[in-house]
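Step one of this worksheet: look at the structure below.
The values are calculated or read from the model by the stated rules, or taken from the named source; none is laboratory data. What you see is a predicted model; the values in this text were computed from it and never measured. Every residue, glycine as well, gets a Cβ built from its backbone with ideal geometry; the counts of neighbours run over all protein chains shown.
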């Protein structure tokens with residue numbers, strides 16, 4: 001996926017808050033595919049994922065006024081996607097957990113062969129992490145949560161979350177360094 005312009009995303013959310021509904025199209029272009037991948041990973045159904053994505057954009061339109069300038073718009077959108085997905089499952093009385101392994105498919109056919117190899121190496125390294133380490137990496141880098149937000153998600157202190165994240169990152173770097181040496 002192309003790099004995400006977080007400043008542009010934040011500006012678009014603020015424009016939606018000001019009543020410029022056409023800014024929703026910009027948000028869809030920037031993060032729609034990422035939101036859809038997250039949703040599909042939770043609801044496990046393409047048609048339901050499309051419905052949930054539509055609901056997410058309604059929630060973004062209605063809740064943009066609550067978005068605080070200077071905060072993380074990507075994490076805000078992804079949290080809406082995640083919560084809306086779980087809302088659907090609760091409504092249907094389906095119990096599901098996020099399958100973190102489903103979210104670490106990083107290669108894309110549009111990448112160059114070299115970039116695809118790098119993505120594959122990263123996927124393989126992530127698979128070697130423990131479930132807790134993958135969860136930390138998922139929260140921090142996939143949902144782009146702050147260390148404080150990761151701590152809240154894990155139900156631990158901020159310093160404990162920072163230690164867990166650092167350990168997961170160091171292990172991932174060591175696995176990747178070992179890959180390059182092969």
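In the condition set (1) touching a residue at least 12 places away in the same chain (Cβ under 8 Å); (2) on the phi > 0 side of the Ramachandran plot, residue 128 is compliant with all but (2). Considering every residue within the range 138-159, establish whether at least one is part of a helix (DSSP H, G or I), more than 19 Å from the chain's Cα centre (by Cα) and outside the structural domain of residue 81 (by TED's automatic domain parsing). Yes, the range 138-159 contains a residue that is part of a helix (DSSP H, G or I), more than 19 Å from the chain's Cα centre (by Cα) and outside the structural domain of residue 81 (by TED's automatic domain parsing). Selection of the range 148-161 for residues being under 22 Å from residue 9 (Cβ atoms) and buried (at least 19 other Cβ atoms within 10 Å of the Cβ) yields only 150.
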